[in-house]
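All remarks here apply to the structure that follows.
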Amino acid sequence: MSAAPSRTLAQRSTAAPRATHDPLWARIALTLVALLFVAFFLVLPLAAVFTEGLRRGLGAYLAAFAEADALAALRLTLIAAAISVPANLVFGIAAAWAIAKFDFPGKSVLLTLIDLPFAVSPVISGLIYVLLFGLQGWFGPYLAAGEHPWLGAWLNARDIQIIFAVPGIVLATIFVTFPFVARELIPLMQAQGTDEEYAAITLGASGWQTFRRVTLPNIKWGLFYGVILCNARAMGEFGAVSVVSGHIRGETNTLPLHVEILYNEYNFVAAFAVASLLALLALATLVLKSLVEWRYSRALAAAQTEA
Amino acid sequence: MSVLATNITKHFGSFRALDNVSLEVGAGKLVALLGPSGSGKTTLLRIIAGLEHADAGAVALHGEDVTRTPAGKRRVGFVFQHYALFRHMTVNENVAFGLTVRRRAERPSKSEIADRVHSLLKLVQLEEFGGRFPSQLSGGQRQRIALARALAVEPKVLLLDEPFGALDARVRKDLRRWLRRFHDEIGLTTVFVTHDQEEALEIADEVVVMNNARVEQVGTPQVVYDRPATPFVYQFLGNVNRLNLPWHGYVPETALAAPDGEYAVFVRPHDLEIVRSRSGLGGEPGTVVSVHAAGASANLTCERASDGEHIEVELSRAEFDLLQVRPGDAITLRIRHSRALREEYVI
Amino acid sequence: MPPVSDTPDTDPRVDLEIRDKPVPRGSGRSVLPGFGLSLGYTIFYLGLIVLIPLSAAFLKTFGMTWAEFTAAVFSERVLAAYRVSFGASLVAAALNATFGLLLAWVLVRYPFPGRRVVDALVDLPFALPTAVAGIALTALYAKNGWIGSWLEPLWVKTIGALPGLSWLGAKIAYDRPGVVLALTFIGLPFVVRTLQPVLEELEPELEEASATLGASRWQTITRVLLPELAPALLTGFALSFARALGEYGSVVFISGNMPNRTEIVPLLIITKLEQYDYRGATALAVVMLVGSFAVLLGINLLQKWSRRHHRI
């Protein structure tokens with residue numbers, strides 16, 4: 001027996017019956033309060049970013065981007081995202097495949113580990129890498145000049161530094177963003193079940209073929225959604241990157257860190273100008289997210305009704 | 001007249017749910033609103049309860065016009081298909097709910113409420129379950145608690161929306177007989193909605209057959225089954241054959257034959273007789289196509305020789321055992337009883 | 001009355017939503033390929049990125065003596081930081097619970113033009129980089145900001161004037177109210193997004209049943225609907241609280257970082273790092289980690305409990 005609604009869709013889509021109606025004055029009042037809250041609390045900060053950035057006119061606004069340090073920060077942000085998003089994409093697919101298509105003990109431990117970055121403060125996310133690779137950390141002595149066993153010598157000869165350099169930033173970014181794709185894919189693939197994959201195998205497809213031609217098309221919206229979220233966080237991460245970066249201008253600053261530097265120098269217009277770029281990124285993320293939610297929920301609903 | 005709905009019309013957007021429907025329910029009667037999904041029966045019930053408002057028409061309960069009265073004030077008890085029990089409250093609290101939300105002036109004392117709850121639970125035979133939560137009950141038990149909860153506020157009319165729709169077949173049968181005996185005991189005017197014709201025919205005093213936003217026929221179970229007023233009622237309540245004329249040795253009853261000849265003839269499978277071709281009695285020649293004899297009766301499909309039309313015939317096991325026919329045998333079909341009706345609907 | 005034969009259903013909770021579809025035990029591994037590869041890579045990745053770095057933190061603190069550890073995590077300044085973090089996060093989560101409930105209610109139940117836009121905007125705190133949020137909020141609520149220019153004098157005149165409430169803060173930005181504001185901002189989506197699906201799935205029949213039994217609209221809301229929403233509300237509150245505890249970027253600009261006043265624990269960790277007090281920073285980080293895990297565990301238990309009690 002399914003819990004089917006007792007009224008048809010046509011009946012549900014029009015005005016709700018009286019028993020579940022609130023009086024009109026209450027509806028209007030509550031809606032207004034909610035809208036005021038949203039305007040005050042969510043829209044105003046967004047507006048402030050753009051207003052402050054344009055305070056001295058369009059010229060000053062654009063000049064903030066022409067600056068060499070800003071461009072370097074932009075480059076570093078893009079690099080961090082370009083490395084962490086694909087890496088986490090592959091991880092997300094692997095984790096979702098293992099968890100959704102197979103049964104094994106310790107699944108819930110794995111799931112908890114995947115959720116870990118959400119429970120850890122960004123500052124700590126950066127700190128642990130400093131502990132690992134910083135001069136005082138475990139591998140630090142191996143990486144610094146001076147006493148270096150074979151790993152340190154190898155790294156040192158190539159002048160590779162982890163902390164207070166780009167690799168550390170990338171690592172920290174990977175840490176804080178790796179759950180996003182996995183968390184989208186795992187419930188999606190679990191809801192879709194394994195029947196189609198089994199069918200493909202019985203028809204003679206290899207593992208990769210099955211994945212590429214059967215699984216991938218089914219999860220493409222979930223993948224896209226996860227990538228959008230992952231990217232937004234990768235480009236916008238501040239706390240973790242702040243700890244590992246060393247704040248070296250022009251070298252180890254991402255866009256959010258550059259914003260901080262400008263702000264602390266009282267260069268408000270430039271700070272807000274750069275911030276507005278990040279805000280635009282956030283808005284684009286929201287738009288893409290809504291689009292995918294609209295298309296994706298239809299696809300997900302279809303997958304569930306067929307299941 | 002306990003419930004009187006007059007000329008009810010209701011639209012949901014462009015969808016017409018009820019088209020000028022009227023309903024009369026006598027005091028103390030158990031009436032079934034029977035029809036397929038989308039026929040409007042649930043909408044009518046909800047309008048009587050005050051959960052929907054009709055676009056046109058009036059509702060009166062016990063002579064009092066309640067068209068403008070809100071649902072909480074109509075003194076109707078409503079039982080939902082999926083029970084709608086408050087899952088964070090115990091059974092006792094659920095049943096007592098209607099009494100505890102009354103205004104101070106009208107609210108009974110705590111002990112009175114407790115007594116009333118207990119006697120209601122006893123009435124539905126669940127008096128030990130007072131402290132349990134709905135999630136700990138079976139479907140049938142939940143339905144009876146929902147009934148007790150509706151009765152706690154002493155309604156004048158009881159309305160049930162597909163009360164057994166969410167239950168297993170066996171529980172459904174037992175529970176509907178229980179409902180009939182329950183109704184006989186308390187004598188409250190009751191209207192229930194169902195799409196299950198067996199249910200309606202078995203327990204209702206009166207059946208209102210609805211289809212496509214209209215009432216097709218109102219009558220006792222006997223009447224709607226034996227003398228259906230329209231082809232829809234014929235087909236909805238049990239199996240029926242629609243015959244092409246001419247039929248050898250048969251003249252249709254002229255009772256309902258329209259003067260212009262636009263009628264169709266309907267015969268129930270058990271109103272047909274099969275005799276061996278060589279018996280010498282008149283009738284329509286045909287061949288047996290298939291036989292299903294596992295069960296209380298035997299269902300045969302026969303093909304008419306004249307036009308190849310397939311006819312369903314139902315025989316009792318005794319008749320079938322005497323007859324001894326197999327697929328491929330030549331037989332003669334005879335009509336015992338039929339009805340000619342104006343044909344408005346095509347299957 | 002004759003007894004009713006009514007066998008209990010084998011499982012009353014028959015209409016559950018789609019759960020994790022069970023894979024036949026043992027057979028999955030041999031039929032579908034890729035188990036070893038996918039699981040192996042997953043564990044390798046997790047080990048490299050998560051486990052090893054995290055254990056570095058714990059192991060480093062094991063290098064400290066117990067006395068050193070307690071000195072690091074229970075000093076005056078640190079205790080004050082705990083108070084500020086905990087208190088501000090609690091207040092922020094409570095504010096989010098209230099306004100989040102209102103927002104979710106309006107979004108689900110009162111369709112209005114532009115609802116989709118507002119719905120998408122709720123995710124802004126998720127999508128906006130914390131540094132941007134930080135400077136934007138500071139700009140707004142500072143004494144010369146759009147809101148601060150009228151709110152701060154108002155605050156000073158009302159709350160600031162009452163002697164017993166000075167601990168609430170003398171101004172908005174660069175004082176405790178600012179911290180609470182920032183933490184409320186970043187935690188808002190948690191409550192709204194947790195409540196929305198529950199509100200959407202609320203059966204109208206419950207409200208109708210309550211109405212036919214004679215309850216007024218207010219009684220229906222308080223006695224029937226709010227208890228249904230309570231678990232989700234609590235979960236949203238807990239998630240918002242957990243997020244606020246660890247927040248850094250949006251707070252660092254508006255807080256002013258005054259020890260004993262607006263210094264939250266993440267800020268203190270950074271300060272210690274800048275002073276090369278790695279041990280102190282790590283010890284504090286371990287305390288935070290243990291606290292976060294405890295909250296996470298609590299949330300999981302909460303969700304399990306609510307699922308068991310409230311599923312029919």
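Summary table
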{"item": "Options B:R107, B:R116, B:R87: the member that is among the charged types (D, E, K, R), part of a loop (DSSP other than H, G, I, E, B) and either surrounded by fewer than 16 Cβ atoms within 10 Å (Cβ to Cβ) or out of contact with any Ser or Thr (no Cβ under 9 Å at 6 or more places or on another chain) (or both)", "result": "B:R107"}
{"item": "Matching option when the condition is facing chain A (nearest Cβ under 8 Å), surrounded by 19 or more Cβ atoms within 10 Å (Cβ to Cβ) and assigned to a helix (DSSP H, G or I), among C:W155, C:W105", "result": "C:W105"}
{"item": "Answer from C:A133, C:A170 - the residue that is modelled with pLDDT under 90 and among the aliphatic types (A, V, I, L, M)", "result": "C:A170"}
{"item": "Residues satisfying the stated conditions in the stretch B:76-97, i.e. of a type outside the set (G, A, S) and within 24 Å of the chain's Cα centre (by Cα)", "result": "B:V76, B:F78, B:V79, B:F80, B:Q81, B:H82, B:Y83"}
{"item": "Some residue of the stretch B:33-43 being more than 14 Å from chain A (Cβ to nearest Cβ), in a strand (DSSP E or B) and out of contact with any helix residue (DSSP H, G or I) (no Cβ under 9 Å at 6 or more places or on another chain)", "result": "no"}
{"item": "Residue in the stretch A:290-307 that is at pLDDT 90 or above and either in contact with a Pro (Cβ under 9 Å, 6 or more places away or on another chain) or not in a helix (DSSP H, G or I) (or both) present", "result": "no"}
{"item": "Qualifying residue in the stretch C:233-251 (condition: farther than 25 Å from A:S121 by Cβ and touching an Asp or Glu at 6+ places or on another chain (Cβ under 9 Å))", "result": "no"}
{"item": "In the stretch B:20-32, residue farthest from the other protein chains (Cβ to nearest Cβ) [restricted to those that are surrounded by 14 or more Cβ atoms within 10 Å (Cβ to Cβ) and part of a loop (DSSP other than H, G, I, E, B)]", "result": "B:K29"}
{"item": "Residues satisfying the stated conditions in the stretch B:44-67, i.e. within 11 Å of chain A (Cβ to nearest Cβ), in a loop (DSSP other than H, G, I, E, B) and not aliphatic (A, V, I, L, M)", "result": "B:G50, B:E52, B:H53"}
{"item": "Close pairs (9 angstrom Cβ cut-off, 6 or more residues apart or separate chains): in contact (Cβ under 8 Å) with a residue 40 or more places away in the chain in the stretch C:268-289, among the aromatic types (F, W, Y) and surrounded by fewer than 22 Cβ atoms within 10 Å (Cβ to Cβ) anywhere", "result": "C:R279/C:F69; C:T282/C:F58; C:A283/C:F69; C:V286/C:F58; C:V286/C:F69; C:V287/C:Y82; C:L289/C:F58"}
{"item": "Residue in the stretch C:192-200 that is part of a helix (DSSP H, G or I) and in contact with a Lys or Arg (Cβ under 6 Å, 6 or more places away or on another chain) present", "result": "no"}
{"item": "Leading residue by the ranking (farthest from the other protein chains (Cβ to nearest Cβ)) among those in the stretch C:120-147 that are assigned to a loop (DSSP other than H, G, I, E, B) and surrounded by fewer than 23 Cβ atoms within 10 Å (Cβ to Cβ)", "result": "C:K143"}
{"item": "Enumeration of residues in the stretch A:19-54 that are charged (D, E, K, R) and over 31 Å from the mean Cα position of the chain (by Cα)", "result": "A:D22, A:R27"}
{"item": "Residue in the stretch C:206-213 that is within 10 Å of chain A (Cβ to nearest Cβ), part of a loop (DSSP other than H, G, I, E, B) and acidic (D, E) present", "result": "no"}
{"item": "Number of the condition not met by B:F78 [criteria: (1) part of a strand (DSSP E or B); (2) under 22 Å from B:G219 (Cβ atoms)]", "result": "(2)"}
{"item": "Test: residue in the stretch C:194-201 that is over 30 Å from A:A234 (Cβ atoms) and free of Cβ contacts under 8 Å to residues at least 12 places away in the same chain", "result": "yes"}
{"item": "Residue pairs meeting the criteria (Cβ under 6 Å; at least 6 apart or on separate chains; first more than 11 Å from chain C (Cβ to nearest Cβ), in the stretch A:252-277; second in a helix (DSSP H, G or I) and among the small types (G, A, S))", "result": "A:T252/A:S245; A:N253/A:A73; A:V269/A:A60; A:A270/A:A64; A:A273/A:G53; A:A273/A:A64"}
{"item": "Out of B:E319, B:E309, sole residue that is at pLDDT 85 or above, out of contact with any helix residue (DSSP H, G or I) (no Cβ under 8 Å at 6 or more places or on another chain) and under 30 Å from B:N211 (Cα atoms)", "result": "B:E309"}
{"item": "Helices (runs of 4 or more DSSP H) contained in the stretch C:18-95 and holding at least 2 residues at pLDDT 85 or above and more than 10 Å from chain A (Cβ to nearest Cβ)", "result": "C:66-73"}
{"item": "Test: residue in the stretch A:217-235 that is more than 17 Å from A:S297 (Cα to Cα) and at the interface with chain C (Cβ under 8 Å from one of its Cβ atoms)", "result": "yes"}
{"item": "Candidate set: the stretch B:159-176, residues that are in contact with a helix residue (DSSP H, G or I) (Cβ under 7 Å, 6 or more places away or on another chain) and within 11 Å of chain C (Cβ to nearest Cβ); chosen: the one nearest to B:K122 (Cα to Cα)", "result": "B:L175"}
{"item": "Test: residue in the stretch C:176-184 that is surrounded by fewer than 24 Cβ atoms within 10 Å (Cβ to Cβ), assigned to a helix (DSSP H, G or I) and among the basic types (K, R)", "result": "yes"}
{"item": "Contacts under 9 angstrom Cβ, first residue in the stretch A:92-120 being more than 8 Å from chain C (Cβ to nearest Cβ) and within 22 Å of C:L239 (Cβ to Cβ), partner of a type in the set (D, E) and part of a helix (DSSP H, G or I), 6 or more apart", "result": "A:G92/A:E184"}
{"item": "Helices (runs of 4 or more DSSP H) within the stretch B:148-257 that include 3 or more residues within 30 Å of B:V117 (Cβ to Cβ)", "result": "B:169-186"}
{"item": "Residue selected from the stretch B:180-198 under the condition of a type in the set (A, V, I, L, M) and surrounded by fewer than 23 Cβ atoms within 10 Å (Cβ to Cβ), by the criterion nearest to the other protein chains (Cβ to nearest Cβ)", "result": "B:I186"}
{"item": "Helices (runs of 4 or more DSSP H) lying entirely in the stretch A:190-238 (those with 1 or more residues that are modelled with pLDDT under 90 and closer than 28 Å to A:A172 by Cα)", "result": "A:216-236"}
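Conditions (1) of a type in the set (D, E, K, R); (2) at pLDDT below 95, marked per residue:
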position	(1), (2)
B:L4	no, yes
B:H11	no, yes
B:F15	no, yes
B:D19	yes, yes
B:A27	no, yes
B:L34	no, no
B:H53	no, yes
B:G72	no, yes
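The values are calculated or read from the model by the stated rules, or taken from the named source; none is laboratory data. These numbers were taken from a predicted model, which means no experiment stands behind them. Because the Cβ atoms are built from the backbone with ideal geometry, glycine has one as well, and the counts that use them run over all protein chains shown.
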